[in-house]
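Heads up: the structure comes next, in structure tokens.
The values are calculated or read from the model by the stated rules, or taken from the named source; none is laboratory data. Because the structure is a prediction, the values reported are computed rather than measured. Cβ placement follows ideal geometry from the backbone for every residue including glycine, while neighbour counts extend to all protein chains displayed. In case anyone asks, the SASA skips ligands and DNA or RNA and just uses the protein heavy atoms, side chains included. Shrake-Rupley method; radii C 1.70, N 1.55, O 1.52, S 1.80 Å.
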Amino acid sequence: MKTALITGANRGIGLALCKTYLAQGWNVIGVCRTASPELTESGARVIAGVDVTDAQALARLAETLSDRPLDLLINNAGIFQHEALGSIDYQSIQQQFLINAEAPLRVTEALLGNLAAGAKIAFITSRMGSIADNTSGGYYGYRMSKAALNAAAMSLARDLQPRGIAVAILHPGYVQTAMVNFGGDISADESAQRLSKRIEGLTLENSGTFWHSNGETLPW
Ligand SMILES: NC(=O)c1ccc[n+]([C@@H]2O[C@H](COP(=O)([O-])OP(=O)(O)OC[C@H]3O[C@@H](n4cnc5c(N)ncnc54)[C@H](OP(=O)(O)O)[C@@H]3O)[C@@H](O)[C@H]2O)c1
């Protein structure tokens, strides 16, 4: 049986991804800061108390997993804030950078020992991190942090190719979660199903592609 580890597993897209992989017969390890009843009851193994920006918490996570192999790591945890030009909150930008860009790299590095040839890593980014696709401006911290995440994910795709590990850079769609006040146009379950199809189609040959969950390739 294959094993997936998913961050931000307690709610939103992360929780839906846990349920999707469980329904497909995978072992799922749901990593979060605080477990939700839905995650606890899902059948996933829950590892709580993990803030993805906390190096010590990530070292403890790696220790807990010991040498358990992972077939799939999904870096999903993230935050979305917006800043107004003229009164930009630079702390907000830094926080988004830490959580959205640096933390997925930290998590991946902490768990590299659990990823062998044939394993896959997915980064849940956003098309708002695309510079070519930015027609509406604003959202400095979110756009900057997701563009930085895309850059890190591409370096990982290059660096991990010789080790036989493929990397997907995935926009989930506009999804009905708390992040967007449930205003999206697809449900978290539908997004998770689409994302799992993209991950299924991920190979070493197409590693490093920036995909919309609907299968379109997005511009950088
Ligand atoms: N919804 C959309 O339309 C949309 C569009 C594009 C991209 N995305 C991306 O999709 C991913 C999931 O978002 P969502 O829509 O499911 O949002 P959500 O419902 O707000 O969930 C965010 C998740 O990230 C976790 N998280 C945030 N900061 C964390 C930290 N420091 N340490 C550990 N976990 C942390 C949250 O945990 P807590 O409960 O502990 O806060 C929660 O589980 C994000 O990367 C987001 O940028 C979403």
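To the nearest 10, the accessible area of K2 is 110 Å² with a 1.4 Å probe. Near E41, once Lys and Arg are set to +1 and Asp and Glu to -1 for all other residues with Cβ below 15 Å from its Cβ, the sum equals +2. Using a probe of 1.4 angstrom and keeping all protein chains present, the accessible surface of the chain works out to 47 square angstrom per residue.
Taking all protein chains together, W220, W26 sort by accessible area into W220, W26, largest first [probe 1.4 Å].
Surface calculation, 1.4 Å probe, protein heavy atoms: D71 sits at approximately 60 Å² accessible. Express in whole angstrom the spacing between the alpha-carbon centres of segment 26-43 and segment 84-157. Result: 23 Å between the Cα centres. Here each label is just a point 7 Å from Cα along the line to Cβ, and for R60 and D185 those points are 4.2 nm apart. With all protein chains in place and ligands, DNA and RNA left out, the 1.4 Å accessible area ranks E205, E200 as E205, E200, largest first.
Tell me the net charge near I93. Cut-off is 14 Å between Cβ atoms, I93 excluded, with +1 for each Lys or Arg and -1 for each Asp or Glu. The partial results should precede the final answer.
Values: positive: R143, K146; negative: E83, D89, E102.
Result for the neighbourhood of I93: -1.
Determine the shape class of segment 47-135: with a ≥ b ≥ c the square roots of the Cα gyration tensor eigenvalues, call it rounded for a/c under 1.5, and otherwise prolate if a/b is greater than b/c, oblate otherwise. Since a/c reaches 1.5 but b/c is at least a/b, the shape of segment 47-135 is classed as oblate.
Contact order for segment 14-125, expressed relative to its length and based on alpha carbon pairs under 8 Å spaced 6+ residues apart, stands at 27 percent. Computed over neighbours whose Cβ is under 14 Å from that of G30, the net charge equals +2, Lys and Arg +1, Asp and Glu -1. For segment 196-220 versus segment 54-69, the inter-centroid distance based on Cα atoms is 28 Å.
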